[in-house]
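Accompanying notes for the structure given below.
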Amino acid sequence: MKIFITGGSGFIGSALVRYCINETDFTLVNIDKLTYAGNEDSYPEAIGNDRFLHEKIDICNRLDLADLFKKHSPDAVMHLAAESHVDRSIDSPGDFMQTNIIGTFNLLEAAREYLSYCNLEVKENFRFHHISTDEVFGDLHNINDYFTENSSYEPSSPYSASKAASDHLVRAWQRTYKLPTLITNCSNNYGPYHFPEKLIPHVILNALQGKAIPVYGDGSQIRDWLYVDDHVKALIQVILKGRVGETYNIGGSNEKKNIEVVLKICDLLEELAPSRKPEGLKDYKDLIKYVEDRPGHDTRYAIDASKIKTELGWTPSETFETGLRKTVKWFLENNDWYERILSGEYKMDRIGKDT
């Protein structure tokens with residue numbers, strides 16, 4: 001099976017690449033223009049592998065995409081390429097409209113054109129899997145409510161609005177053109193190789209450097225945390241077994257307040273890295289600094305993942321406690337990976353987003 005993975009050099013995409021190279025016999029074509037968050041160091045086992053090829057292409061370039069489909073004849077597309085940082089979307093929404101909306105449109109059209117000249121067997125087996133986010137649903141205020149596949153769309157930021165638009169495009173192309181699509185909406189991912197602008201790695205690395213750990217508002221925002229390797233296994237189940245035209249929510253069933261996450265990371269660093277504590281610092285949690293809340297900050301996300309569990313047999317393997325411990329240990333043991341970012345090779349000027 002040959003799969004196009006868009007955004008395969010990003011956080012979730014690189015986890016998918018690593019899993020496919022290590023655990024499957026899939027051939028992968030990674031379509032990634034390598035923006036600030038793309039990092040080829042995130043899939044060392046894929047480099048030089050005969051089943052992996054990187055095409056440095058911008059999904060906003062329609063002609064390049066059409067050429068790639070003709071060149072490689074994929075059996076499936078797993079579309080992860082997206083601008084995904086809420087703070088950046090507030091500052092520069094245009095980039096998000098281009099990549100997340102126009103890029104998705106171009107990819108849908110390239111896939112549709114490709115299938116128009118394929119034989120019947122290819123058409124029947126082809127799948128277009130669009131990987132999205134729970135942020136398209138807005139937020140929840142009742143502690144007993146959960147996002148389901150039928151939840152209404154109420155995006156709160158330019159980022160989530162652009163992802164909502166891309167979801168709608170995928171559904172429209174399935175209904176109008178019969179493109180065989182699948183959509184997944186996931187909760188907050190975390191794990192190894194996570195770009196340091198996101199909350200969990202941002203906290204870890206700021207703490208190790210003795211820098212302030214910024215927390216929006218009072219830190220009471222609640223998120224459902226999903227270990228990235230569990231997410232990847234769910235994505236594979238969907239591409240192999242999912243029903244065309246269906247949507248599947250993927251969540252970790254690990255709801256935590258942001259401040260709880262920050263405090264837990266500080267506790268783990270006290271346990272695992274007491275010798276790396278900056279001079280003069282008594283406790284890592286002393287670095288916590290509450291800052292003005294983000295505009296339109298969602299209160300709570302929570303996923304009902306019963307559909308994918310019932311229909312496809314997927315359940316997460318990691319609890320938040322086991323996954324977070326693995327994540328902190330990975331960052332403690334992989335200085336080389338993140339030092340390139342912290343040295344200024346990648347621009348880091350945002351508070352850690354809570355996804």
Completion exercise
Highest mean packing first, using Cβ neighbours within 10 angstrom, the peptides 196-205, 322-331, 121-130 sort as 196-205, 322-331, 121-130
Practice task
At most 15 other Cβ atoms within 10 Å and a DSSP loop assignment: could you name the GluC sites (Glu not before Pro) in the stretch 249-341 that fit?
Solution key: Glu279, Glu292
Practice task
Let me know the Rg and Dmax you get for the stretch 1-74 when you use only its Cα atoms, in Å.
Solution key: 11.6, 33
Handout entry: Residues Tyr153, Tyr146, Tyr284 arranged by fewest to most Cβ contacts within 10 Å
Key = Tyr153, Tyr146, Tyr284
Exercise for the section: Provide Trp337, Trp314, Trp225 in ascending order of the number of other Cβ atoms located within 10 Å of each residue's Cβ, fewest first. Expected result: Trp337, Trp314, Trp225
Fill in the blank from the handout: Dividing the helical contributions, -39500 (n - 2.57) per DSSP H run of n ≥ 4, by the residues of the chain yields a 222 nm value, nearest 500 deg cm²/dmol, of -12000 deg cm²/dmol
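Using square roots of five times the C-alpha gyration tensor eigenvalues, list the equivalent-ellipsoid semi-axes of the stretch 29-71 in whole Å, biggest first.
Semi-axes from the Cα gyration tensor: 20, 15, 4 Å.
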Problem - Descending principal axes extents, the stretch 37-101, alpha-carbon based, whole Å - result: 40, 29, 17
Handout entry: DSSP beta bridge pairing in the chain, given as percent antiparallel to the nearest 5
Key = 10 percent
Fill in the blank from the handout: hull vol. (C-alpha, convex hull) per residue for the stretch 114-167, Å³ -> 106 Å³
Exercise for the section: Round to a whole angstrom and tell me the spacing of the C-alpha centers of the stretch 145-172 and the stretch 182-206. Expected result: 20 Å
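Report, in cubic angstrom per residue, the convex hull volume of the C-alpha atoms of the stretch 235-298.
So the per-residue Cα hull volume is 166 Å³.
Beta carbons within 10 angstrom, averaged per residue: use that to sort the peptides 296-303, 96-103, highest first.
Packing proxy ranking, top to bottom: 96-103, 296-303.
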Practice task
Can you grab the distance from the C-alpha centre of the stretch 315-345 to the C-alpha centre of the stretch 84-142, Å, no decimals?
Solution key: 27 Å
Handout entry: Across Lys33/Lys309; Lys233/Lys285; Lys33/Lys71, pairs whose alpha-carbon gap is larger than 27 Å
Key = Lys33/Lys309; Lys233/Lys285
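Would you mind working out the magnitude of the charge dipole of the chain relative to its Cα centre, with +1 at each Lys and Arg C-beta and -1 at each Asp and Glu C-beta, to the nearest 20 Debye?
Here the chain has a charge dipole of around 460 debye.
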Practice task
Apply 1/(1 + (r/R0)^6) to the Cβ-Cβ distance of Thr299 and Ala212, taking R0 = 35 Å, and write down the FRET efficiency to the nearest 0.05.
Solution key: 0.90
Exercise for the section: Beta carbons within 10 angstrom, averaged per residue: use that to sort the peptides 74-83, 39-48, highest first. Expected result: 74-83, 39-48
Handout entry: Distance from the stretch 1-37 to the stretch 231-264 (C-alpha centre basis), Å
Key = 18 Å
Practice task
With 10 Å bins from zero, work out the P(r) of the stretch 206-355 over every alpha carbon pair and list the percent per bin.
Solution key: 10, 31, 34, 19, 5, 1
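Apply 1/(1 + (r/R0)^6) to the Cβ-Cβ distance of Lys282 and Glu154, taking R0 = 41 Å, and write down the FRET efficiency to the nearest 0.05. Each step should come with its number before you reach the end.
Numbers: r = 43 Å, r/R0 = 1.06.
Calculated transfer efficiency: 0.40.
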Practice task
Give, in whole angstrom and from largest to smallest, the semi-axes √(5λ) of the equivalent ellipsoid of the chain, with λ running over the eigenvalues of the Cα gyration tensor.
Solution key: 34, 22, 19
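Readers should treat all values here as calculations from the given coordinates under stated rules, not as data from a laboratory. As the structure is a prediction and not an experimental result, all values here were calculated from the model. Cβ atoms come from the backbone with ideal geometry, glycine included; neighbour counts cover every protein chain shown.
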